[in-house]
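Quick notes on the structure that follows.
The values are calculated or read from the model by the stated rules, or taken from the named source; none is laboratory data. The model shown is predicted, which means the values in this text are computed figures rather than measured ones. Quick reminder, even Gly has a Cβ in these numbers, built from the backbone with ideal geometry, and neighbours come from all protein chains shown.
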């Protein structure tokens, strides 16, 4: 005769503890192990509601994520993010993450991931937008004007990225940033991509030194990233016979690839190789005491060249936007342009093709409103 014991209680219960003012709860996880946890409230009804939420999370398979986020502080997760994610990105991206965390840590550092709320993020954004810039001087620092909305928006984007990674790594069920809307507009503070017209390119190349002229042609014909991909490139990565260049290091994993090049880009590559004998790098630095054997910045010569050409300043990185826009205007499908940009996220293409609107306006400007009155028009049958 088998003996039947007391049936296992799966609904859990709330109970008081002599050493705590809060109600505690006890329940079993999916593996049958007993979990004891404080509800953080002195109201029994609130405690029972809290218990029901835990039981629902257990039944949906989300309990391990909730318990993990309840024991993981923002500081601990930020340290992991910097080590495992941020350091693998471009150095400038890693530096931006470090700078943003200088302000995010004091606000959220000791807070558990599960306790970061949308309201707390809203309060942080309002407080930062009303703050003044700190200008460091020798005795200490002094306060300047108000912080720009674009600066605070960048901090918000980095916080969103950190918490989104926590969701992907199952440390959070949902990011609280999803319920946050940035309180002010940053459209005027964000620089829009500049589309370099063909006439502008002719003027810029005319005033540019030889190596910069070659770089302009290559960037606008291939969409390479100037400082991460083109400047560090070695001559051995250029295959003139097959019209290919190999990108061995990039901002993202999808950026590492063999990139086909046009005839104009091929001529620019060949000319640059011929003009730099004795160096394994395509764009060797002329400075003897430089930290790296290749050119690391074009900012000064680029600014000077634009001024001489009479073209308003825009970053040289926008030549990548120009490449995407010219492809799109030539009838190439958006998803294929994304592949040629070597982007893993198709949403990024929207940012690169904004200049198409200007090209549409140019086309509208060529409307011939008297076309039907021209005597030499043919090809359209007259109505009966």
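Restricting to the range 70-94, what's the tally of residues that are more than 15 Å from residue 169 (Cβ to Cβ) and under 19 Å from the mean Cα position of the chain (by Cα)?
7
Hand me the list of helices (runs of 4 or more DSSP H) wholly inside the range 206-313 holding 2 or more residues that are touching a helix residue (DSSP H, G or I) at 6+ places or on another chain (Cβ under 6 Å) and within 17 Å of residue 342 (Cβ to Cβ).
Those helices (runs of 4 or more DSSP H) span 210-222.
Does residue 162 satisfy the condition of being in a helix (DSSP H, G or I), out of contact with any strand residue (DSSP E or B) (no Cβ under 9 Å at 6 or more places or on another chain) and not assigned by TED's automatic domain parsing to the domain that holds residue 301?
When the stated conditions are applied, residue 162 passes them.
I'd like to check something: does the range 272-283 contain any residue that is more than 21 Å from residue 250 (Cβ to Cβ) and under 30 Å from the mean Cα position of the chain (by Cα)?
Checked against the condition, which is being more than 21 Å from residue 250 (Cβ to Cβ) and under 30 Å from the mean Cα position of the chain (by Cα), the range 272-283 yields no hits at all.
For the range 302-312, indicate whether the set of residues that are over 13 Å from residue 194 (Cα atoms) and touching a strand residue (DSSP E or B) at 6+ places or on another chain (Cβ under 6 Å) is non-empty.
There is no residue in the range 302-312 that is over 13 Å from residue 194 (Cα atoms) and touching a strand residue (DSSP E or B) at 6+ places or on another chain (Cβ under 6 Å).
Checking residue 110 against (1) part of a helix (DSSP H, G or I); (2) modelled with pLDDT under 95: exactly one of these is not met. Which one?
(1)
Suppose the filter is farther than 14 Å from residue 226 by Cα, crowded, with 16+ Cβ neighbours inside 10 Å and either assigned by TED's automatic domain parsing to the domain that holds residue 225 or over 26 Å from the mean Cα position of the chain (by Cα) (or both); does residue 259 pass it?
yes
Which numbered condition in (1) loosely packed, with under 11 Cβ neighbours inside 10 Å; (2) within 30 Å of residue 72 (Cα to Cα) is the only one that residue 198 fails?
(2)
For the range 168-187, how many residues meet the condition of being out of contact with any helix residue (DSSP H, G or I) (no Cβ under 9 Å at 6 or more places or on another chain) and part of a helix (DSSP H, G or I)?
Count: 1.
Has the range 29-45 got any residue that is modelled with pLDDT of 80 or more and surrounded by 15 or more Cβ atoms within 10 Å (Cβ to Cβ)?
no
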